[in-house]
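The values are calculated or read from the model by the stated rules, or taken from the named source; none is laboratory data. Because the structure is a prediction, the values reported are computed rather than measured. Cβ: placed from backbone, ideal geometry, glycine included. Neighbour counts: every protein chain shown. For the accessible areas, the whole protein counts, side chains as well, though only heavy atoms, and no ligand, DNA or RNA atoms are used. Shrake-Rupley method; radii C 1.70, N 1.55, O 1.52, S 1.80 Å.
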Amino acid sequence: MLSPDEFIKDAIKKVKDEIGDEKAIIALSGGVDSSVCSVLVQEAIGDNLIAIFVNHGLLREGEVEEVTNTFKDRLNFHYVDASDEFMEALEGVEDPEEKRKIIGKVFIDVFEREAEKTDAKYLVQGTIAPDWIETKGEIKSHHNLALPSGMVLEVVEPIRDLYKDEVREIGLELDLPEKVVFRQPFPGPGLGVRVVGALTKDNVEIARKANKIVCDEVEKAGIDKEVWQYFAVLTDTKVTGVKGDQRDFGYLIVVRIVNSIDAMTASVAELPWEVIQTISRRITSEISEVTHVALSISDKPPATIEFC
Ligand code: XMP
């Protein structure tokens, strides 16, 4: 078992031997796996690594700025705002799996287009052990990715044998900010799976604001590292409420805060009542389109962690 320091030295050497003076690209999401991978490979090959950060328009409040500020001086960092392209492709799509497929496909299109602008020979991926163990080895250790133009990228996976807790240790050793290292899991399709039904810029913005309030309050209460995930879901249900002396008809938001070890099962976290009350009051007072906030109290199973 290597210490974090030994692992880093060993990984840098292996990446240098493998990539040499060629160029490589990585899709950086700002999550711990892709962040650790990016910094590790940057230490090995410098600016020959091009880190591409794609904004699909479904990111959390402040996420573009946070990821940009963390990495712009540390990596050869390329930001791509493709939010309009994603929203156009998703127009009118209600089915959650269909939304996921479209988001995945547009993501690959955007990333491949960016890759083709470089003369990269390698694609760095932040695959970790549970990713390939869960797919029963279907993700092979040596494989290529052929792009539509005929360009072929050889895949490099420097943290393939690590588990999440080990990736976090490496992240700390690499001086990544704690906010990145201990960031709660955030699904690839982002807020796209936190809005029930078809996505619009307006309803994604409501979900974004509500998620920010949940994050603010859970973090302010100092329980963010104790719970696995904490978020808000915008449902497609509208309910009657009263604001001022007027009856109002607004959205129902569900707040979900769960404990888990590996996301395979989850239980609802017990939170101080004041935290829940503050979240609810802030959501209804700060987001005019919302009249009602409910707290999800279902474990996984039978519920899933996300709503869509
Ligand atoms: P569920 O909802 O299936 O979620 O209980 C289990 C874990 O996976 C995350 N999740 C996703 N992550 N793409 C991702 O990258 C997805 O489409 C996706 N759907 C769910 C979820 O946030 C939880 O941590």
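Observations, loosely collected:
- Scanning region 90-136 for residues that are of a type in the set (G, A, S) and either open to solvent by 20 Å² or more (accessible area, probe 1.4 Å) or closer than 24 Å to R168 by Cα (or both) turns up G92, G104, G126, A129.
- Residue among V218, V156 that alone is among the aliphatic types (A, V, I, L, M), under 19 Å from V39 (Cα atoms) and in contact with a strand residue (DSSP E or B) (Cβ under 7 Å, 6 or more places away or on another chain): V156
- Entry remark, region 171-184: residues being open to solvent by 50 Å² or more (accessible area, probe 1.4 Å) and either assigned to a loop (DSSP other than H, G, I, E, B) or not hydrophobic (A, V, I, L, M, F, W, C) (or both) number 7 in total.
- The residues in region 250-308 that are closer than 18 Å to K238 by Cα, within 16 Å of the ligand (Cβ to nearest atom) and among the polar types (S, T, N, Q) can be counted, and the count is 1.
- Any hit, region 40-54, residues being within 16 Å of the ligand (Cβ to nearest atom), assigned to a helix (DSSP H, G or I) and buried (at least 17 other Cβ atoms within 10 Å of the Cβ): no
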